[in-house]
């Protein structure tokens, strides 16, 4: 067996707890040495359940621990960039949940700190590790589809978040579409130059009152000439709808949703199957394990992380460009933002 | 049996010949009395094959024939509007292939002639009669999908037309997308207010030299708030790709392509099926029969035609708006055109 | 154009009328010259509708007509073998609906008459001409599936026939399974040696009182070593269910049912599509046209018919073997019957 | 949190190791206290990897450990029945891998010991816990499919086991079909009365030389009147093929295989997707976790185990009936065996 990486994890909310379980049980090369949370009881419970030696309220206990080689940051978004700077200063490799921040200057400062420290930084765009989307990327990268011409992403949530969250979320483009922006760059393997947004409030007028939209169709122009379209809705009554299609000069590939079972029932009225998974943790369960495995692996092997700090920055820029396009009712170039 | 409608047909090219066969064999209520073509041998051959009493070079022989109640116009596009005016003046009901014309003034003159004469005019947007798209329309109209939010149309041809044709076709938006514009209005049941186009030359540089594009993603805003997206390509290597999806507050419906068979083969490499139909006449075979049946039926019953002259005009306006959006790199309202 | 074949058709019931329409409209090489029916009004109506010159009560008027080259026999089953003998004696090529007869001696006499006259005889096993099953046969014959090991046929009717019909039908194995027996031989390309039947009355006790079963699972052993299984039901509430699968050393192929449209609807409860075609004439529409086209073609070209008299005889033998297996509760060899 | 069950596990081969991981990591209510293996190094390695306190060569150390409440038996088949007897004598609840034994007398002795001790015994028929098959069972049990009429099981392995294994496996019916026999009883919820087998050697003549067959079609008659058919092959080139269909008076349900991803690729030749999972541990991964969860749960709650000792015995009887049917070329009643 190869050496184990000692890991500290900051923030054991829903995603943090999930990462902690994976580090404890599913990734032999990782050893979860410490967990911290501002709600110290949460940290203590996670530690007890998962056999983690150290539980603490203060994340500094992790940053200062010389035995810890890598830090997984799952605290609230507003703390991400500072945590990155602290971890980099402590010489630790970093996995950070998305987004790095909503402030580009703070993102840049964090990335500069990482660069200076020479540590690894991986951003938690988990969908890149989903077996369906991976297969699409693999096919595009292999050249089997020829030159990519059109990208279609359908990304619809089962229900909108609470209005209180909508107000602080940064808006649909920074909260929800940010994943699709990452997916677009990942799948096509080229940068987006320009974004045009048509959007509206169709699901819930309260979302409109909160200054946001809930339904959007987004057109992307890529540097390599391809054109992309993303359609978003905050509420698909049939569940979590996550599909993509890439069409190229040599063919096309599309991926469907994942389902809890394959049963097809025929009765006197119809032929039917059960709805797809409704919850993102069920839909993307495998992707969370794989992204963490690959993070630990790149620490062990000294290879570059599969999702870099720049990969964390660009979708934020795209989110701002999308917001500006919607506000100004015109196509907006990314170069207008950054 | 109800009474038969005597029909004259002008132009026995590919589509004209198909309509002639359907009138002769598949529609008991129609009696094809005369066919005309500027290539008189084509008219004569069609008449001989199909048992049509009259074959002529001069379409006036049809317009002047008192026994003929309805005219089917399948001659070249530049003759459509004049033929409509002549037929209207002769008091005959009219089925005319799309487009009516590329000149809005000529379209308006033709529609005015039809109005004045009080005859019926049906435009040949056959896809409305396709069983797949009909089912989608039926579901939207039934309210079972709730309020429509997002429309997605994928419409890709198996190969581009000859460059010589591209030059006179009116461009991709008036030649190819025009069908999708009709489909968009038909499926959503609301008018489009504004169009934005992202497009490029990806299939064949010769198309670009001819002043056209071959790949496009088009965003539509409907009056009822819905947003649509159409993606077009002049070449899908896997065949004719014609799919739509409507997403609404109550659910979604999507239709797939049609296939020559349902065989699924599993070997040591993959699970596969044969490609979808490659040729539009195979794909849309049933729609051509049904549209003509419904035309004859509306003549017999005195009901309004299912695709009106206005239905023929608006997609041309949309085509111009699309062209203008592409040229000016901005969203264009339909009210800027007409 | 090649020469036309003058055809006479005996019996214009449901299937006879369908064949008459195809001969009149869909097969340019055929000319339907005469129709007969014991209900002469039916013959007269068909002739009027389809432009057939001769309508008669007496089928002898067809057999004696020197202009008629081929006869299509769609009269009641009990007349088939005599009609074949008369037509053969008159030197006419013969298309005869299945079954030839339920009496093997009468079948043999009819086949002998055909042989002696040197005319062609094609039996109406239309499913061989269905695009789905043809594709399966083509794959098996191509060797792409390797050596066939297992054949699975699912063949379920949407509802049982009237009890009055059940009593004279010859039983499920000669009335319904006979098509599957033909399909089994056709798809595998080898003869069946032995049949075992497990069956019961599950759909309607009246069928049991009439001495028949309504549900059956039939095991077939082929001469080439393959094993087949057929499952039959007289009532599938979801419609006409007609699927096959061939599994071989190199892979497998399966075909699904045909559907009226491809629409898939997702709502808050389920993902669903419409039921498959419910009526055999909708499901097998194309097969009826193709089988008649190929019959006319083999008359024109002098090639052997695609479904021979022996192909008509063997499934009857299989039907008797199946009945004997059920009665005696043991596997029965075909050699015990013929 | 509810109380934890202390578990000892005997035999850490492939399946034993898998169960050990699930007990250690995935089932909070279980605490894996000890593992044993005749290869003590295997036990020690598992203990070290999974944090198990006790590793031993001698399974008696588990049986005698007063802290251990439940035993999981994954040792070789020939030891199962004795292990059950020992565990029962020690008053421990028992999970035992299938089959209990190939000797019905030994099975009966083991079951009697369990009965006498009043402990729980669950047999490892994991497929009952697969989400696909569970959904089928749920539908049948709910009555939504009406009365079950026909059951179809397709069960084909990706490749045959080594010939050395074939010789000691008990033959295909006791080694491979035993799972399908269990599935048949489970899905239909009725006992099988009679079995008929048609089988042959098609995959590998060496299997025939070893006295076994490699391809089989098996007909089952259930007490409730339903008829089942199982088709088995030792080699499907496209992977592990595990599908079932239940057809009833109210409708039908079928389940497809599981796939590593949902990607569908269209190129100029075909539409294709990747092959299904090839390895049973990938295909049935979830079922192994769920069966162990439910075992632990029934210990905690004192409820009956979901797969009983009788459920372990009957498929062995069915395996013998199948072998006898093949040998004697006739349908065999289960009552002839037991």
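Worth a mention:
- Rounded FRET efficiency, nearest 0.05, which uses the C-beta distance separating residue B:39 from residue C:40 and R0 of 56 Å: 0.80
- Among D:29, D:242, D:269, residue whose mean-square fluctuation peaks in a GNM of chain D (springs only between Cα atoms under 10 Å): D:269
- Largest to smallest principal axis extent of the C-alpha atoms in chain A, angstrom: 57, 55, 46
- For the segment C:226-237, counting C-beta atoms of other chains within 10 Å of every residue's C-beta and taking the mean gives 5.
- If the segment from residue A:109 to residue A:278 were pulled out straight at 0.36 nm per residue, it would be longer than the present Cα-Cα gap by 57.1 nm.
- Mean separation of Cα contacts under 8 Å (6+ apart) over length of the range A:5-119, as relative contact order %: 25 percent
- Taking the label point 7 Å along Cα→Cβ, residue D:142 and its counterparts in the other copies are spaced 2.0, 3.8, 4.0 nm apart, in ascending order.
- Cα gyration tensor, the range A:5-119 - rounded (a/c under 1.5), prolate or oblate: prolate
- Helix axis angle, D:104-117 relative to chain D longest principal axis, alpha carbon, degrees: 40 degrees
- Candidates A:254, A:233, A:36, ranked by Gaussian network fluctuation over chain A, Cα under 10 Å, top entry: A:254
- When both the range D:50-83 and the range B:249-293 are represented by their alpha-carbon centers, they are found 58 Å apart.
- Annotation: for a label point projected 7 angstrom from Cα along Cα→Cβ of residue A:163, residues of the range A:192-233 with backbone N closer than 18 Å are A:201-215.
- Highest to lowest packing among C:290-301, B:57-68, C:211-222, scored as the average C-beta count within 10 Å: C:211-222, C:290-301, B:57-68
- The rotation axis bringing chain B onto chain C passes closest to the chain B residue reported with its distance as B:25, 2, by C-beta distance in whole Å.
- In nm, spacing of pseudo-spin labels at residue D:138 and residue B:76 (7 Å Cα→C-beta vector): 6.5 nm
- Most mobile listed residue (A:113, A:89, A:105) in chain A, GNM with C-alpha springs under 10 Å: A:105
- Convex hull of the protein assembly as shown built on C-alpha atoms - directionally averaged projected area, nm²: 53.7 nm²
- B:19, D:329 arranged by Cβ crowding within 10 Å, fewest neighbours leading: D:329, B:19
- Across the identical copies, the label point of residue C:208 (7 Å from Cα in the Cβ direction) is separated from its matches by 4.2, 6.4, 7.6 nm, in order from shortest.
- Normalised convex hull volume, the range B:92-217, alpha-carbon set, Å³ per residue: 151 Å³
- Three-way shape label, the range D:96-163, alpha-carbon gyration tensor, a/c 1.5: oblate
- Computed over chain D, relative contact order equals 18 percent, with contacts defined as Cα pairs under 8 Å that lie 6+ residues apart.
- On Cα atoms only, tilt of A:177-188 relative to the major axis of chain A in degrees: 80 degrees
- Distance from the range D:168-231 to the range A:89-133 (C-alpha centre basis), Å: 56 Å
- Cα long-axis angle, helix A:309-328 against chain A (0 to 90 degrees, to the nearest 10): 40 degrees
- 222 nm mean residue ellipticity, helices alone, for chain B (DSSP H n ≥ 4; -39,500 (n - 2.57); rounded to 500): -11500 deg cm²/dmol
- The range A:202-338 shape via C-alpha gyration tensor axes, a/c threshold 1.5: oblate
- Shortest-first distances to equivalent copies, position residue B:103, nm, label 7 Å out along Cβ: 6.4, 7.9, 10.1
- Shielding value for C:121-131 is 1, the average number of Cβ atoms from other chains within 10 Å of each residue's Cβ.
- Per residue of C:211-218, other chain Cβ atoms within 10 Å of the residue Cβ number 3 on average.
No value in this document is a laboratory result; all are computed from the given coordinates. All values derive from a computational prediction rather than experimental measurement. With ideal geometry, Cβ positions are generated from the backbone for all residues, glycine too; neighbour counts draw on all protein chains shown.
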